[in-house]
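Trainee: One structure, as structure tokens, below. Some questions next.
The values are calculated or read from the model by the stated rules, or taken from the named source; none is laboratory data. Model, not experiment: these values are computed from the prediction. Cβ atoms come from the backbone with ideal geometry, glycine included; neighbour counts cover every protein chain shown. Ligands, DNA and RNA are excluded from the accessible area calculation, which covers all protein heavy atoms including side chains. Shrake-Rupley method; radii C 1.70, N 1.55, O 1.52, S 1.80 Å.
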Amino acid sequence: EVHVPTVKQKPMEVLCEWESRKISAAVLHAPTPSTAAFLLCLETGIRLGEACALRWSDVDFTSGLLHIRRTAYRINYGGRTELVTQAPKTDNSQRTIPLTAKMLSLLRPLRTKPENYILTGSSKPMEPRTLQYRFQRFQVTLNISIRNYHVLRHSFATRCIERGMDAKTLSEILGHANVKTTLQMYTHPSMQAKRRLLEAASAMSGIA
């Protein structure tokens, strides 16, 4: 007989299309490992910790595939913290994502030894907070509103839904445990999508 309170989901922030294009153009103009990670997340939806844990061996340039095998995060034990990389908690999070020709062309000149982490070029991964901070500074230089790093993942998923990608495919790319999670988070149309649909409906009805 206990009445469970309703959990209100916070509105999900996404980049508008001109902001996404602005980020893409800036990265392609002067790519660095960090900025390349921004575009990689915007075009594949990988998580912050997954980006920090990527090694060059995870990128198959021949087949054009990205293998997500681990994630980086900071753990707290005995009053101390340590940055670690481990396999994702669920089997679904370990996945393979196709890369576009644009993304492969961007990454190819930046690659170093296969065992090196992409973002640091060394045997040590990047601290997720560092990449988060760099993304905030990057937004400032582009004169766009500062948002959390996860806006890249949310924007990718939202655009995929708007362009007709089925939920099952998107769920596998994002590494969700099940399709239900994807449907709950990303099937709500954006205001831009609503406007386009209403404009299309208006044109079909002959309303001036």
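Trainee: What translational diffusion coefficient, in µm²/s and rounded to a whole number, does the Stokes-Einstein relation yield for region 79-208 at 25 °C and a viscosity of 0.890 mPa s, taking the hydrodynamic radius as the Kirkwood radius over Cα pairs?
Mentor: 134
Trainee: Here's something else I'd like to know. In 10 Å bins starting at zero, report the fraction of Cα pairs in region 18-120 per bin as a rounded %.
Mentor: P(r) for region 18-120, in whole percents per bin: 14, 46, 29, 9, 1.
Trainee: Also, I was wondering about something else. For the chain, what is the charge dipole size about the Cα centre, in debye to the nearest 20, if Lys and Arg each add +1 at the Cβ and Asp and Glu each add -1 at the Cβ?
Mentor: Using Cβ point charges on Lys, Arg, Asp and Glu, the chain gives about 380 debye.
Trainee: Within the chain, which is the longest segment that contains none of the trypsin sites (Lys or Arg not before Pro) sitting in a DSSP loop with at most 12 other Cβ atoms within 10 Å?
Mentor: For trypsin sites (Lys or Arg not before Pro) (loop position, at most 12 other Cβ atoms within 10 Å), the longest site-free span of the chain is 9-88.
Trainee: Please give the calculated 222 nm ellipticity per residue for the chain, where each DSSP H segment of at least 4 residues contributes -39500 (n - 2.57) and the sum is spread over every residue; nearest 500 deg cm²/dmol?
Mentor: Value at 222 nm, helices only, nearest 500: -13500 deg cm²/dmol.
Trainee: Please report the relative contact order for the chain, taking Cα pairs under 8 Å with a sequence separation of at least 6, and give it as a percent rounded to a whole number.
Mentor: So the answer I get is 23 percent.
Trainee: Same structure, new question: Taking the solvent-accessible surface of protein heavy atoms with a 1.4 Å probe, what is the per residue accessible area of the chain in Å²?
Mentor: It amounts to 59 Å² per residue over the chain.
Trainee: Could I ask something else about it? Test of the criteria: in region 2-61, which chymotrypsin sites (Phe, Trp or Tyr not before Pro) are in a DSSP loop and have at most 14 other Cβ atoms within 10 angstrom of their Cβ?
Mentor: Phe61
Trainee: Could you point to the residue in Leu66, Thr141, Thr90 farthest towards the positive end of the chain's charge dipole, with +1 and -1 charges on the Cβ of Lys/Arg and Asp/Glu respectively?
Mentor: Farthest along the dipole direction, towards plus: Thr141.
Trainee: What distance in nm separates the simple spin-label points at Asp60 and Thr130, each placed 7 Å from Cα in the Cβ direction?
Mentor: 3.0
Trainee: Now for a separate question. Does anyone have the angle between helix 128-141 and the longest principal axis of the chain? Alpha-carbon axes, 0 to 90°, nearest 10?
Mentor: 60
Trainee: Could you please state how large a percent of the accessible area of the chain is carbon and sulfur, counting protein chains only and using a 1.4 Å probe?
Mentor: Taking all protein chains in place, the chain shows 56 percent carbon and sulfur surface.
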